[in-house]
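Before any comments, here is the structure.
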Amino acid sequence: MSTLPPDRVMSTSSARVDGPTLHYPLGEQLPATGAAIEVAPGVFWLRMGLPFALNHINLWLLRDRLPDPAQPDVLREGWTAVDCGIDNPATRQAWQGVEAQVLQGLPILRVLATHMHPDHMGLAHWMCERWQAPLWMSTSEYQSALLACSGLSNFGGAPTVAFFKAHGWQQPEELAQVQARVGYYPSMVPQIPGAYVRLMAGMQVRIGERVWQCISGYGHSPEHMALLDDQQQLLISGDMLLPSISTNVSVYAMEPDGNPLQWFLDSLEKMAHLPGTTLVLPSHGRPFLGATTRIAQLKLHHAERLAELLQACRAQACCAHELLPVLFKRSLDVHQTTFALGEAVAHLNLLWLSGQMRRERGADGVIRFSTHP
């Protein structure tokens, strides 16, 4: 979880990750809670708080018009909301402030979720019900949200504990905290709307005067959808392209042999053609120019981490938990370790699946990685 704020613990080289070549055309401006900044005609930036170390999420309001369900020949004026924030009293209050100060008396006509992580999806049920608005998102994200809301999530419980133990995390008192996290997702996403409209890669969605193309992204979440207005050079990047922190990319218990880091890097190529004048609207941080530069920074960042792991595993085979100090240069609490370990396995799996490392399970049940002799 862009997901859960502590999932961005991978920003281990911030000077290189947030380089001086990115340009922030809005400077230091930030929208106040309940207010908005218009970043392009009909595109408004909202910023809402999160009760985590990463303390905010950017949400987007797009002027829209859609046929009235009761009178299909009549177009209703209103808004599309892109992402929602988590479900807690503060976020509901912030949206009520937006209703009073920003919506201009017009309804929210649809809610579009880039992906299923709680800070993006949490309040969708409340907003859809409040406005009688449909939810739009990809099928993989919708179904993953249903599973997670029912308690079958990647964030806690016995399967997650077994996965972490296999990668060397053995401290019983810490794993007991992981076991108790089975209700973590539902605590922020208590309900999922009962129906949705499917977004698909390459699909074009007309929102008001703009046409947005859906760009699928993998590795961070099951089927993340960014939105590109190619004509007006706007990209709502969600969590796939962030200006100053690296997106969480983790292996989870449900897919232990997955290769999400490779999928993430491949997904970035879909945005690598964007001109430098494209305004990127990220879910965290400030709007920026320089998508190609940022993608190059992220590739270099992960290449450096991969090289460090190869070097660390030359002398002896290591498990992912032993390698956390190689990737993370500060102490981590239990919550941060859950995401850090998933990221470490993602990097190690890429090296293993590309043939650069050997992966073996020892007699003690722990999986260790070593560089080929």
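Throughout, read-outs are computed from the coordinates displayed, never taken from laboratory work. Quick caveat: nothing in here was measured; it's all calculated off a predicted structure. A quick note on method: Cβ atoms are made from the backbone with ideal geometry, for glycine too, and the neighbour counts reach across all protein chains shown.
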Using θ = phi - 60° and the Karplus form 6.51 cos²θ - 1.76 cosθ + 1.60, what ³J(HN,Hα) does each residue of segment 289-297 get, whole Hz, x for Gly and Pro? 10, x, 4, 5, 4, 5, 4, 4, 4
Sort out for me the Cα centre separation of segment 45-96 from segment 296-319, rounded to whole Å. 40
Ranked on Cβ counts within 10 Å of their own Cβ, fewest leading, S370, S187, S216 go S187, S370, S216
Rounded to the nearest 500 deg cm²/dmol, what is the calculated helix-only ellipticity per residue at 222 nm for the chain, with -39500 (n - 2.57) per DSSP H run of length n ≥ 4? -9000 deg cm²/dmol
Residue-ordered couplings for segment 78-86, obtained by feeding phi - 60° into the Karplus form 6.51 cos²θ - 1.76 cosθ + 1.60 and rounding to whole Hz (Gly and Pro as x), are x, 9, 9, 9, 9, 6, 10, x, 6
Expected sort for E308, E223 with the fewest Cβ neighbours (10 Å cutoff) up front is E308, E223
Amide H contacts under 5 Å for S138, placed H, 5+ residues apart: L199
Where the centre of each part is set by its Cα atoms, how far does segment 359-373 sit from segment 192-266, in angstrom? 34
Per-selection metrics, segment 219-373 (Cα): Rg and Dmax in Å: 16.9, 58
Suppose every Lys and Arg Cβ carries +1 and every Asp and Glu Cβ carries -1, with no other charges. What dipole size does segment 204-255 come out with about its Cα centre, to the nearest 20 debye? 80
